[in-house]
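Participant: Encoded as structure tokens, here's the structure I'll be asking about.
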Amino acid sequence: MALYTAAASAASCVSVGNPNFPRSPLFGFSVSRKAGSSLCLRPFRFPQGCTRAFSGDNVPHKTNDSSLVVCFGEMLIDFVPTVSGLSLAESPAFKKAPGGAPANVAVGISRLGGSSAFIGKVGEDEFGYMLADILKKNNVNNQGMRFDPGARTALAFVTLRNDGEREFMFYRNPSADMLLEESELDLDLIKKASAKIFHYGSISLITEPCKSAHIAAAKAAKDAGVLLSYDPNLRLPLWPSEESAREGILSIWDTADIIKISEEEISFLTKGEDPYDDAVVRKLFHPNLKLLLVTEGADGCRYYSKEFTGRVQGLKVDAVDTTGAGDAFVAGILSQLSKDLSLLQTIISINTWQDEERLREALRFANACGALTVMERGAIPALPSKQTVLDTLLRVVSET
């Protein structure tokens, strides 16, 4: 996507919904053309320090409010090596891939036929506008996205081991996502759009002002009766220390209605206790929690409610890159829950085996989403469509 400079003015570039026009954090143009006339640009002003991301016709993207999931947090560029099993220094080349856990979930939900929106901040740079366009192209409402003129879009270089597992090296000191302010939040996406679920991670809790913006957005969602979904998504290199990471992740633990967590995160939060011991997992189950999900990679997932516990087997696939697998799983289960209010009620008060089986079916769907994602490099590029997931599940059934 090209970025143009203003030829007729000494002022900074101006912003416009169409990517073929110059941009600025301060001004924008509404664009119109009458038959037989020249292009007409009408200026308007954005709030200082931020811009809205608009769809190509300068109208905010519309969502299907009846099942809307709003995702809050970071969106960035992952640079994934083209060859696995090498260090960053040894890798001959990298594939550029859009990522960031909350954004991955938003795109994943949309690909699965659901309705999603993203709230977060990127740099006023080529990568930032590219990411906004990717959300738009994937039918994710991006009107809650903001652009920072003074900070860059975050980058992450990923090391892939031969088994597809990865390590990260981040460039974000500070990046734009860390600088989202409470005053820049588009709370109408949560309140007036009648969102069903508000999803977030823990990276947005690491530094101010984004931490305060995160807490304010989650409170607005809770006050509006929206379910809170939490995936800690532990990234230790981003936290000042292990203890600050543990404290930060647990600081908002008791407000979530749905929590997805990995085996490694259980061990971390419980200071080394066995993540496969149900008694250990139950220590993380707070009184207001409706559903706790534990992902186990290729082995599937475990689920816990106040009344029951179970396991759903995963799908065995050849893993190329596990980046985004957990986010695809979250997208899978949230896409099911947001569309079926009775399933949400089922989670709260399961009392028959038929009720539990409905949840298990939703988790089989989520497991398939995660499995399909690891078969390609990058997070968002690998997220599957609903039809692909259904075809995969049908094939698995026919082979058993």
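Participant: Could you list, ordered by first residue, the pairs with Cβ atoms under 8 Å in which the first is in region 330-354 and within 18 Å of Leu68 (Cβ to Cβ) and the second is part of a helix (DSSP H, G or I) and modelled with pLDDT under 65, at least 6 apart or interchain?
Facilitator: Pairs that qualify, where the first residue is within 18 Å of Leu68 (Cβ to Cβ) and the partner is part of a helix (DSSP H, G or I) and modelled with pLDDT under 65, are Leu337/Leu344.
Participant: In the set Leu131, Leu155, which member is in contact (Cβ under 8 Å) with a residue 60 or more places away in the chain and of a type outside the set (Asp, Glu)?
Facilitator: Answer to the selection: Leu155.
Participant: Continuing with this model, one more query. Can you work out which of the residues in region 377-397 that are touching a helix residue (DSSP H, G or I) at 6+ places or on another chain (Cβ under 6 Å), assigned to a helix (DSSP H, G or I) and of a type in the set (A, V, I, L, M, F, W, C) is modelled with the highest pLDDT?
Facilitator: Val389
Participant: To continue, here is another question. How about region 243-253: which of its residues are open to solvent by 50 Å² or more (accessible area, probe 1.4 Å) and under 22 Å from Tyr276 (Cα atoms)?
Facilitator: Correct list: Leu250 only.
Participant: I need the full set of residues from region 181-206 which are polar (S, T, N, Q), over 15 Å from Met75 (Cα atoms) and not in a loop (DSSP other than H, G, I, E, B), in order please.
Facilitator: Correct list: Ser183 only.
Participant: May I pose another question? If I ask for residues that are open to solvent by less than 30 Å² (accessible area, probe 1.4 Å), of a type in the set (A, V, I, L, M) and modelled with pLDDT under 85, which ones from region 332-351 would you list?
Facilitator: Leu343, Leu344, Ile347, Ile350
Participant: Closer than 30 Å to Lys211 by Cβ and hydrophobic (A, V, I, L, M, F, W, C), is that true of Leu284?
Facilitator: Answer is yes for this residue.
Participant: Name the single residue, out of those in region 297-317 being farther than 22 Å from Leu112 by Cα and either of a type in the set (S, T, N, Q) or part of a loop (DSSP other than H, G, I, E, B) (or both), that is most open to solvent (accessible area, probe 1.4 Å).
Facilitator: Only one residue tops the list, namely Glu307.
Participant: Do we find that Pro47 is modelled with pLDDT of 90 or more, part of a loop (DSSP other than H, G, I, E, B) and either open to solvent by 40 Å² or more (accessible area, probe 1.4 Å) or of a type in the set (Gly, Ala, Ser) (or both) in this structure?
Facilitator: When the stated conditions are applied, Pro47 does not pass them.
Participant: Something else: Which residues, counting only those in region 216-230, are under 19 Å from Gly100 (Cα atoms) and outside any helix (DSSP H, G or I)?
Facilitator: Within region 216-230, Leu228, Ser229, Tyr230 meet the criteria.
Participant: Further question: The conditions are (1) over 19 Å from the mean Cα position of the chain (by Cα); (2) of a type in the set (Lys, Arg); (3) open to solvent by 60 Å² or more (accessible area, probe 1.4 Å), and Lys290 fails exactly one of them. Which is it?
Facilitator: (3)
Participant: Listed residues Leu180, Leu189, Leu131; which is within 27 Å of Met375 (Cβ to Cβ), open to solvent by less than 10 Å² (accessible area, probe 1.4 Å) and touching a strand residue (DSSP E or B) at 6+ places or on another chain (Cβ under 6 Å)?
Facilitator: Leu131
Participant: Residues that are open to solvent by less than 10 Å² (accessible area, probe 1.4 Å), assigned to a strand (DSSP E or B) and either more than 28 Å from Phe79 (Cβ to Cβ) or modelled with pLDDT of 95 or more (or both): does region 207-215 have at least one?
Facilitator: No, the conditions are met nowhere in region 207-215.
Participant: Counting only residues that are farther than 21 Å from Cys369 by Cα and at pLDDT 90 or above, give me the strands (runs of 3 or more DSSP E) lying completely in region 68-115 with at least 2 of them.
Facilitator: Correct list: 76-81, 94-99.
Participant: Any residue in region 86-102 that's on the phi > 0 side of the Ramachandran plot: show its pairings with residues that are at pLDDT 90 or above and part of a strand (DSSP E or B) at Cβ separation under 7 Å, as long as the two are six or more apart or on different chains.
Facilitator: Sorted first by the residue in region 86-102, then by its partner, the pairs are Gly100/Leu76.
The values are calculated or read from the model by the stated rules, or taken from the named source; none is laboratory data. All of these numbers come straight from a predicted model, not from anything done at the bench. Reconstructed Cβ throughout: ideal geometry from the backbone, glycine too, with neighbour counts over all protein chains shown. The protein model used for the area step is the full one, side chains on, heavy atoms only, and it has no ligands, DNA or RNA in it. Shrake-Rupley method; radii C 1.70, N 1.55, O 1.52, S 1.80 Å.
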